[in-house]
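A short worksheet on the structure shown next.
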2 protein chains.
Amino acid sequence: MLDHTSAADLTIADMHAAHDRIKPYIRRTPVMVSDYLNDMTGAQLFFKCENFQEAGAFKVRGASNAVFGLSDEMAAKGVCTHSSGNHALSLSYAAGRRGIPCNVVMPRTAPQAKKDAVRRYGGTITECDPSTSSREATFAEVQARTGGEFVHPYNDPRVIAGQATCSAELLEQTDGVDAVIAPIGGGGMISGTCLTVSNLAPDTAIYAAEPEQADDAYRSFKAGHIIADDAPKTIADGLLVPLKENTWHFVSNHVTDIFTASEDEIIEAMKLTWKYLRVVMEPSSAVPLATILKNPKVFRGKRVGVIITGGNVDLEKLPWLKG
Amino acid sequence: MLDHTSAADLTIADMHAAHDRIKPYIRRTPVMVSDYLNDMTGAQLFFKCENFQEAGAFKVRGASNAVFGLSDEMAAKGVCTHSSGNHALSLSYAAGRRGIPCNVVMPRTAPQAKKDAVRRYGGTITECDPSTSSREATFAEVQARTGGEFVHPYNDPRVIAGQATCSAELLEQTDGVDAVIAPIGGGGMISGTCLTVSNLAPDTAIYAAEPEQADDAYRSFKAGHIIADDAPKTIADGLLVPLKENTWHFVSNHVTDIFTASEDEIIEAMKLTWKYLRVVMEPSSAVPLATILKNPKVFRGKRVGVIITGGNVDLEKLPWLKG
C-alpha cells in the first residue's frame, strides 16, 4: 500500500508498483485508429479504449490499486465512496473481486446503466441530490455508519497512481506520441497522465478537455487556483465534479492547456466515434475529440493519444436521437 | 492472382498467399472478451472484431485479395459487383486503395450508412429492387456497360481465400478454440472459415448462425442441396442472399451444424453486445450470440470464437428503440 499522504510525493515508481498490483484485475486495452477521423482532423489519433475494461471505464485501475493495496485488516471493513458513476461501479467491481463490501453514494440523476452496474458487482447504493454539497453530506453519514475505507474517486494518491498506468500502456503501444488528451472532471485521469507522461515522455504535451457547461477546471487553470461549481449541468455526466488539492497539484504543474467544447460539439464527436471507430463510449469520452476538431491548428500533423475513458451509456437514451 | 476456377481447388496455401497480399490493406483486428457474457452463456467467448476494419466489415479481406490480385491490365477496367452492403463498400474501399473504378449494384432498401460509405470510398451505385432476380438483372446491365472485372460478394475463390485469413488470425490470437461460429448469408465468411479451420485446426467445430426469417442455408444444409429464397425479410440485412456452388462446397463438406434465431433474439443479442462488449455492430453480427444463448448445451464449457462480421449500422435507427 502507498503510504503517501499527498500527490506531490508520488513518483513514477508508484505507477509501476500500481501496474504490477492491478495487472491481474484489469485489461491492457487496445489502441484503435480510424483513417477517416485522421483525415478529418489532419492528426494521427490513437484512441486508448478504456471503455473496453470489464467494468467499462479506466476508473477500475485506480479503484483496483486502492482495494488490492489494503491490508487484510482494513479490507475486512470494506470500502466506500461517492461518485457520479464510473468510480462507483469500478470500486464495486474491484471490491467484488477481493470479496469485500462496497458502499457508494450516487446522485439520483446518475445514468441507470451505471446504477445497474454497481448493483451487479455487489455494491450498495445510497442516493443523494446532484450537487457537491448533498453528495458530501450523504457520504459523511454512510461512512460513519459503515466504517469502510474511503476511496475518493480522484483526490487520492492511490487512485491517481492507478490511473497513471493507462498512459504507460498508451506510450508502449504507440511507441510515443506528441500529445495526450483526456477528459477532465475531478482530474484523476489527467493527474495520472501527468505523473506518467512527465516522467516517461517529458516532451509530450498534456491537454485536458472539458465541457463548456462544467468548465471549472478550465477557469481554475486560467485563474491559478481551484474554482468549484456546486451543480453544473452537462451531458458529460462523468465530468461534473471539481478539482481537489491532489489533482490541482498535477493540473497546475504539468498540464499544457485545457480546451472546452459545447454540448452540441460533444454529441457530434460522440456520434462520429460510434460511427467511424465503432465503439460504444460515453458523452464524457467524446469531449477530447470535440476539442481536437475545434482546435485543428494545435493538433494538425501531430501524433495524439486520445483516452476514451468509459463506455457505460444508457442505450435507450442516445443524445442524437429525440424523445 | 489465384488461377483456380472452383472453390474445391482452394488449398491452405491460397489463404496464406491472400494474407501476405492483403496485410498492408487490412487490420489485424483485436479479439475481445466479456466476463459478463461468459457468465451468461457458460462458455468462454472470443469475439473477433471485424467491425473494426476501416471499412467496417470482414469483407474488405476478400475484396482486397481480389482487387490486389488483378493484373495491371485487368485492374485498369475497374471492378464491379452486386451486394446488400458490406461487400459493396469493401470493394469500393479496396478499389480506392488501388486507384481503380468500382461500380456496385445495391438494393434500394440497403442501409443508408452502407450507401454513404460506398460513395465516400469512391464507388458508383446503381440501385435495384430488394430481390435476387432484380439484383442479377440490374447487375448484368452494369457489367456489360462498364466492362469491369466481376468480384462476386462470395461465390468467388479469390474472395473466399481472403475471408479465410480472418480465422487464421483468430486461431493465432486465441491459441486455438473448440468451436468457431459465424453468421451465414451467401456463405463467404463460413467458407473461408472452413478452408482455414479444417486445415489448421481440424478438431475445431464450425457452426453457422442464420436468421429464422432467412433460413435458406439451414434448409439447404438439412436437405443436402441448395435452396434459395428470392426476397427474404430480416433485420440482419447482411444475410439475405442464398448459397452458391462455391460456398455450398464448404458448407456441405465442413460445417458442423447451422443454428437459427428469431428477430427478437437477434435484437436482444445485438443490444447485449453493445452494452457489455461496448462495440458497435450490425444486426447480422448478433446472430451467432443469439444462437449461442439459444443452444447453451452445445457451447457450455467450450472455448468459442465468435466472428463479429461488421459494424456499419444506421445510428439513427437502432432496432431496440421505437420510432
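The values are calculated or read from the model by the stated rules, or taken from the named source; none is laboratory data. The model shown is predicted, which means the values in this text are computed figures rather than measured ones. Methodologically, a virtual Cβ is constructed for each residue, glycine included, from the backbone with ideal geometry; neighbour enumeration extends over all protein chains shown.
I'm checking my understanding of the structure. Among residues of region B:99-110 that are out of contact with any strand residue (DSSP E or B) (no Cβ under 8 Å at 6 or more places or on another chain) and closer than 23 Å to B:Glu141 by Cα, which one is modelled with the highest pLDDT? Don't jump to the end; show me each part of the working.
Here is the first cut: in region B:99-110, the residues out of contact with any strand residue (DSSP E or B) (no Cβ under 8 Å at 6 or more places or on another chain) are B:99, B:109-110.
Right, trim to closer than 23 Å to B:Glu141 by Cα and you get B:109-110.
Working: B:Thr109: 89, B:Ala110: 86.
It comes out as B:Thr109.
Examine region B:245-267 for a residue that is within 14 Å of another protein chain (Cβ to nearest Cβ) and among the aliphatic types (A, V, I, L, M), and state whether such a residue exists.
At the first step, the residues of region B:245-267 found to be within 14 Å of another protein chain (Cβ to nearest Cβ) are B:267.
Filter once more, keeping what is among the aliphatic types (A, V, I, L, M): B:267.
Yes, some residue in region B:245-267 is within 14 Å of another protein chain (Cβ to nearest Cβ) and among the aliphatic types (A, V, I, L, M).
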Members of region A:98-139 that are surrounded by fewer than 19 Cβ atoms within 10 Å (Cβ to Cβ) and charged (D, E, K, R): A:Arg98, A:Arg108, A:Asp116, A:Arg119, A:Arg120, A:Glu127, A:Asp129, A:Glu136
B:Asn86 in the same structural domain as B:Leu239 (by TED's automatic domain parsing), under 19 Å from B:Gly186 (Cα atoms) and touching a residue at least 24 places away in the same chain (Cβ under 8 Å): no
Close pairs (8 angstrom Cβ cut-off, 6 or more residues apart or separate chains): free of Cβ contacts under 8 Å to residues at least 60 places away in the same chain and on the phi > 0 side of the Ramachandran plot in region A:230-256, among the hydroxyl-bearing types (Ser, Thr, Tyr) and crowded, with 24+ Cβ neighbours inside 10 Å anywhere: none
A:Val67, sole failed condition from (1) in contact with a Leu (Cβ under 8 Å, 6 or more places away or on another chain); (2) outside the structural domain of A:Gly122 (by TED's automatic domain parsing): (2)
Failed criterion for A:Leu70 (all others in (1) surrounded by fewer than 23 Cβ atoms within 10 Å (Cβ to Cβ); (2) in contact with a Pro (Cβ under 6 Å, 6 or more places away or on another chain) hold): (2)
All positions within region A:273-323 that are within 13 Å of chain B (Cβ to nearest Cβ) and farther than 26 Å from A:Ser90 by Cβ: A:Lys275, A:Tyr276, A:Trp320, A:Leu321, A:Lys322, A:Gly323
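Go through region A:127-142 and give me each residue that's in contact with a Ser or Thr (Cβ under 9 Å, 6 or more places away or on another chain) and not in a strand (DSSP E or B). Spell out how you get there, then give the answer.
Start the filter on region A:127-142 by keeping residues that are in contact with a Ser or Thr (Cβ under 9 Å, 6 or more places away or on another chain), which leaves A:127-130, A:135, A:138-139, A:141-142.
Answer for region A:127-142, where residues must be in contact with a Ser or Thr (Cβ under 9 Å, 6 or more places away or on another chain) and not in a strand (DSSP E or B): A:Asp129, A:Pro130, A:Arg135, A:Thr138, A:Phe139, A:Glu141, A:Val142.
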Restricting region A:23-71 to residues that are free of Cβ contacts under 8 Å to residues at least 60 places away in the same chain and closer than 20 Å to A:Leu195 by Cα, the residue that is nearest to the other protein chains (Cβ to nearest Cβ): A:Val60
Answer residue from region A:177-226, given it is in contact with a Lys or Arg (Cβ under 8 Å, 6 or more places away or on another chain) and free of Cβ contacts under 8 Å to residues at least 60 places away in the same chain and is farthest from A:Phe46 (Cα to Cα) among those: A:Ile226
Segments classed as helices (runs of 4 or more DSSP H), wholly inside region B:64-126, with at least 2 members that are farther than 25 Å from B:His16 by Cα and of a type in the set (D, E, K, R): B:112-120
